[in-house]
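The values are calculated or read from the model by the stated rules, or taken from the named source; none is laboratory data. Quick caveat, the model's predicted, so the values are computed rather than measured. When we count neighbours, we look across all protein chains shown, and the Cβ atoms used for this are built from the backbone with ideal geometry, even at glycine. Side chains are part of the model used for accessible areas, which takes the heavy atoms of the whole protein and leaves out ligands, DNA and RNA. Shrake-Rupley method; radii C 1.70, N 1.55, O 1.52, S 1.80 Å.
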Amino acid sequence: MAAAQKEFAASGFAGARTDAIACRARVNERMIFYCFGSKEGLYRAVLGQKLSEKAGILESTPDMDLTSSLVEGFAAACADADSLRMWQWEALDAGNRKLVAAEERRAFFRAEVGRLRRAKANGNLPADADEEMLLLVSCALRCFPLAMPQVPLLVAGMDPLDPEFRRRWSACLEWIGRRLFAPTQINRDQFAQLKPDKSRGQKKPDAAKSAKSAVRADN
């Protein structure tokens, strides 16, 4: 599986060769077809393994806030850049073949959207937040420096895997997350303060207005 991921990341699905994968893994090429049926079956298995790992993290941290998700997601992407490269190859070849394991991946993203919806329902996201678009923003922030490494090199003079760049980008993600959540928390606190306290009684109605209402009712 590890050898297959390396080959798919280096050459994409179309360019990957099963004999090269077998050579990397030091197995007979026929074992690939015996275990996975085809090159696509092996590709699907590699994707499935990665999705399973991510889904496990998602299930174990159902209430993770967006700030932590950004920072930890970027760290995970740095540790597994080959997976991102596989997705990049797919993007380049998207018009030529059907996306492998599309339903499985769609289910994973639906779970992420569901987590954002729960956060909004709990008041941890602004009420007008678009969960699907926010997930795309999150994916972009986590992956952009790695997907286009030439940009951080031109802007900051550093490779995205450079420890100093990773430190600065993680700090920037925390900064973004804090400012995204800060207005929500302030609004919640203010709402709690302004909410009337029924135990202290409510303001008595104006006597003049009550009298006028009574006259209109009699008429």
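Screening TRP89 on (1) under 28 Å from PHE8 (Cβ atoms); (2) open to solvent by less than 80 Å² (accessible area, probe 1.4 Å) shows it passes everything except condition (2).
Of all residues in the range 41-51, those satisfying the criterion of being open to solvent by less than 80 Å² (accessible area, probe 1.4 Å) and either more than 14 Å from the chain's Cα centre (by Cα) or at positive phi (or both) are GLY41, LEU42, TYR43, ALA45, VAL46, LEU47, GLY48, GLN49, LYS50.
Listed by position, the helices (runs of 4 or more DSSP H) enclosed by the range 42-130 that each have at least 3 residues that are of a type in the set (S, T, N, Q) are 66-79. Would it be correct to say that ALA14 is open to solvent by 40 Å² or more (accessible area, probe 1.4 Å) and modelled with pLDDT of 90 or more? Yes.
Checked against (1) modelled with pLDDT under 95; (2) within 15 Å of the chain's Cα centre (by Cα); (3) open to solvent by 30 Å² or more (accessible area, probe 1.4 Å); (4) not aromatic (Phe, Trp, Tyr), PRO183 passes all but a single condition, namely (2).
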